[in-house]
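In what follows, a structure is listed as structure tokens, so that the remarks can point back to it.
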Amino acid sequence: MKLFKIILNTIPRPILIKLSYVARPLIAFYLRGNSYMDPIDNRSFRKFLPYGYENQRENVLSPSTLSLERHRLLWLYLKNETDFFTTKKKVLHMAPEQCFLNRFKDLEHEYITADLNSPIADIKADITDLPFKENTFDIIFCNHVLEHIPDDTKAMKELFRVMKKGGMGVFQIPQDLNRETTFEDNSITDKKERAKIFGQYDHVRIYGLDYFDKLRSIGFKVEEVNYTQKISSEISSRYRLMEGELLPIVYKN
């Protein structure tokens, strides 16, 4: 537990991403078993890895895809509730996750990835000033990005601008469902203090339930989808999902 926490908090994320491609096959082989399954690749393991920059969650990081609870939940939603895997679309994926990257690339989509720092993104781009024309993308994924962005309002406006009318997005964030309003304090710049207060050294806020209304104020239609309600507790436990997690599904009318 302590080793994973030290690694996450001391090694820069771009380097961690590169190192993970070497370590992942070895860890997956070591942890093979039948207790838990990753629905993204349908591989089973005796346990998952711990994860968390400040407070570590046990048994949540898939050894094979490096997916977390939120990734597996989103995969199930896209597979079971949308035509994402069957209908060609123009897709923008901000800060692409490793567990999705190659799988999404293998689909028939026009698939574009972008980020300011990620070594696996196609385009180096600032989310508050995207290099795309308005009404460009059918689907936008922007998951666990906005909590890093000081001007998240500007970022949301850019995502709205480049989404096509009739388009859809998934904008997941770490969210405290017991908190009515979002908390941020720009005076907190020390990394250890940020980790203690925001949960991660490079986060700048903790989103509350008002996150959905902020997206609505930008112009999005928003659905707060509790998809785990559709999944049995047995399956949820086997896939290591976080029950009650809300998926922010947005649309541009």
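The residue pairs whose first member lies in segment 239-253 and is without any contact (Cβ under 8 Å) to a residue 40 or more places away in the chain, whose second member is surrounded by 14 or more Cβ atoms within 10 Å (Cβ to Cβ), and whose beta carbons are closer than 7 Å, counting only pairs six or more residues apart or on different chains, are GLU243/THR228; GLU243/SER236.
Among the aromatic types (Phe, Trp, Tyr) and within 18 Å of LYS133 (Cβ to Cβ): is that true of PHE171 in this structure? When the stated conditions are applied, PHE171 does not pass them. Of all residues in segment 91-103, those satisfying the criterion of being surrounded by 20 or more Cβ atoms within 10 Å (Cβ to Cβ) and in a helix (DSSP H, G or I) are CYS99, PHE100.
Listed here are the residues, each with its yes/no results for (1) assigned to a strand (DSSP E or B); (2) farther than 15 Å from LYS214 by Cα; (3) among the basic types (Lys, Arg).
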| residue | (1), (2), (3) |
| --- | --- |
| ASP138 | yes, yes, no |
| HIS144 | no, yes, no |
| THR153 | no, no, no |
| GLU158 | no, no, no |
| MET168 | yes, yes, no |
| ILE173 | no, no, no |
| GLU180 | no, no, no |
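Can LEU49 be described as within 19 Å of ASN143 (Cα to Cα), in contact with a strand residue (DSSP E or B) (Cβ under 8 Å, 6 or more places away or on another chain) and either of a type in the set (A, V, I, L, M, F, W, C) or buried (at least 21 other Cβ atoms within 10 Å of the Cβ) (or both)? Spelling it out, it is not the case that LEU49 is within 19 Å of ASN143 (Cα to Cα), in contact with a strand residue (DSSP E or B) (Cβ under 8 Å, 6 or more places away or on another chain) and either of a type in the set (A, V, I, L, M, F, W, C) or buried (at least 21 other Cβ atoms within 10 Å of the Cβ) (or both).
On the given criteria, is GLU180 surrounded by fewer than 17 Cβ atoms within 10 Å (Cβ to Cβ), farther than 20 Å from HIS93 by Cα and under 17 Å from the mean Cα position of the chain (by Cα)? Here the answer is no, as GLU180 does not meet what is asked.
Taken over segment 183-211, the criterion of being over 16 Å from the mean Cα position of the chain (by Cα) and not charged (D, E, K, R) is satisfied by PHE183, ASN186, SER187, ILE188, THR189, ALA195, ILE197, PHE198, TYR201, VAL204, GLY208, LEU209. Any residue at all in segment 95-102 that is over 26 Å from ASP38 (Cβ atoms) and outside the structural domain of ILE40 (by TED's automatic domain parsing)? No. Quick one: is PRO174 out of contact with any Leu (no Cβ under 9 Å at 6 or more places or on another chain), on the phi < 0 side of the Ramachandran plot and loosely packed, with under 14 Cβ neighbours inside 10 Å? No: the conditions fail for PRO174. Screening LEU19, LEU116, LEU49 for residues that are in contact (Cβ under 8 Å) with a residue 12 or more places away in the chain and either within 29 Å of PHE198 (Cα to Cα) or in contact with a Ser or Thr (Cβ under 9 Å, 6 or more places away or on another chain) (or both) leaves exactly one candidate, LEU49. When the residues of segment 35-90 are filtered to those that are part of a loop (DSSP other than H, G, I, E, B) and among the hydroxyl-bearing types (Ser, Thr, Tyr), the one that is nearest to the chain's Cα centre (by Cα) is SER67.
Out of curiosity, is LYS164 touching a residue at least 24 places away in the same chain (Cβ under 8 Å), assigned to a helix (DSSP H, G or I), assigned by TED's automatic domain parsing to the domain that holds GLY208 and in contact with a strand residue (DSSP E or B) (Cβ under 9 Å, 6 or more places away or on another chain)? When the stated conditions are applied, LYS164 does not pass them.
Kindly indicate which of LYS196, LYS192 is free of Cβ contacts under 8 Å to residues at least 40 places away in the same chain and in the same structural domain as ASP152 (by TED's automatic domain parsing). Unique residue meeting the criteria: LYS192.
The values are calculated or read from the model by the stated rules, or taken from the named source; none is laboratory data. Because the structure is predicted, anything quoted here is derived from the model rather than measured. Because the Cβ atoms are built from the backbone with ideal geometry, glycine has one as well, and the counts that use them run over all protein chains shown.
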